[in-house]
Amino acid sequence: MRLFATQRAKVMVRIFRVLFAAVLCASSAATQQSDSMLELKGTVTYLERMLLPKTASVRVLVLDATDRSEGTLIKEQVIATEGRQIPIPFRVFLPASSIDPDRCYSVKADILIDGKVWFTAKKAIPVLTHGNSRQVEIVLERL
């Protein structure tokens, strides 16, 4: 009987070690995954004295501006304002592997009301590479 209990205890210890190792591996993978994301954050605002309606939304565009003046879309994020007023904060997460340090990236934004652009950024703001920031304030102009 004692032999059986000892064997059972050894098996339980082995199972515990395997489960513990699995938890450590999963935790490490989750940390590596979150570390492999770049965060671009900032605010979108405008200078006009006007309240946004509850139906307004902010569209943030991250562009690869290396080869074209208008840029190639890398990521688009739409944020419902839900009645919030300017400045509207944003956070865009990009896989680090999708950003080439030798290329140029920029960010633009628009404010849409009922699906139509009311405010836009006249110029894209350089971000992410070549010493450019990952935090920006985008000031829009009314169309």
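The values are calculated or read from the model by the stated rules, or taken from the named source; none is laboratory data. These figures come from a predicted structure and were not determined experimentally. Heads up, the Cβs are rebuilt from the backbone with ideal geometry, glycines too, and the neighbour counts pull from every protein chain shown. All accessible areas refer to the heavy atoms of the entire protein, side chains included, with ligands and DNA or RNA removed. Shrake-Rupley method; radii C 1.70, N 1.55, O 1.52, S 1.80 Å.
Summary table
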{"read-out": "Hits in region 44-64 - residues which are at pLDDT below 95 and of a type in the set (S, T, N, Q)", "value": "55"}
{"read-out": "Positions within region 75-94 being part of a strand (DSSP E or B) and touching a Pro at 6+ places or on another chain (Cβ under 9 Å), in sequence order", "value": "79"}
{"read-out": "Among (1) in contact with a Leu (Cβ under 7 Å, 6 or more places away or on another chain); (2) at pLDDT below 95 - the single one residue 94 does not satisfy", "value": "(2)"}
{"read-out": "Residue tally, condition assigned to a strand (DSSP E or B) and either within 20 Å of residue 133 (Cα to Cα) or open to solvent by 20 Å² or more (accessible area, probe 1.4 Å) (or both), over region 39-74", "value": "17"}
{"read-out": "Every pair of residues 6+ apart whose Cβ atoms lie under 9 Å, when the first sits in region 79-95 and is at positive phi while the second is in a loop (DSSP other than H, G, I, E, B) and open to solvent by less than 60 Å² (accessible area, probe 1.4 Å)", "value": "83/52; 83/53"}
{"read-out": "Scope region 84-98; condition buried (at least 17 other Cβ atoms within 10 Å of the Cβ) and not aromatic (Phe, Trp, Tyr); matching residues", "value": "86, 88, 92, 94"}
{"read-out": "Long-range neighbours under 8 Å by Cβ, at least six apart or interchain, first residue touching a residue at least 24 places away in the same chain (Cβ under 8 Å) and over 15 Å from residue 136 (Cβ atoms) within region 48-62, second hydrophobic (A, V, I, L, M, F, W, C) and part of a loop (DSSP other than H, G, I, E, B)", "value": "52/86"}
{"read-out": "Residue, farthest from residue 45 (Cα to Cα), within region 123-143, restricted to residues that are open to solvent by 80 Å² or more (accessible area, probe 1.4 Å) and in a strand (DSSP E or B)", "value": "135"}
{"read-out": "Positions within region 102-119 being surrounded by fewer than 17 Cβ atoms within 10 Å (Cβ to Cβ) and in contact (Cβ under 8 Å) with a residue 12 or more places away in the chain, in sequence order", "value": "102, 103, 113, 114, 117"}
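Let's see how each residue does on (1) out of contact with any Asp or Glu (no Cβ under 7 Å at 6 or more places or on another chain); (2) at pLDDT 95 or above; (3) polar (S, T, N, Q):
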residue: 106; (1), (2), (3): yes, yes, yes
residue: 123; (1), (2), (3): yes, no, no
residue: 126; (1), (2), (3): yes, yes, no
residue: 134; (1), (2), (3): no, yes, no
residue: 139; (1), (2), (3): yes, yes, no
residue: 142; (1), (2), (3): no, yes, no
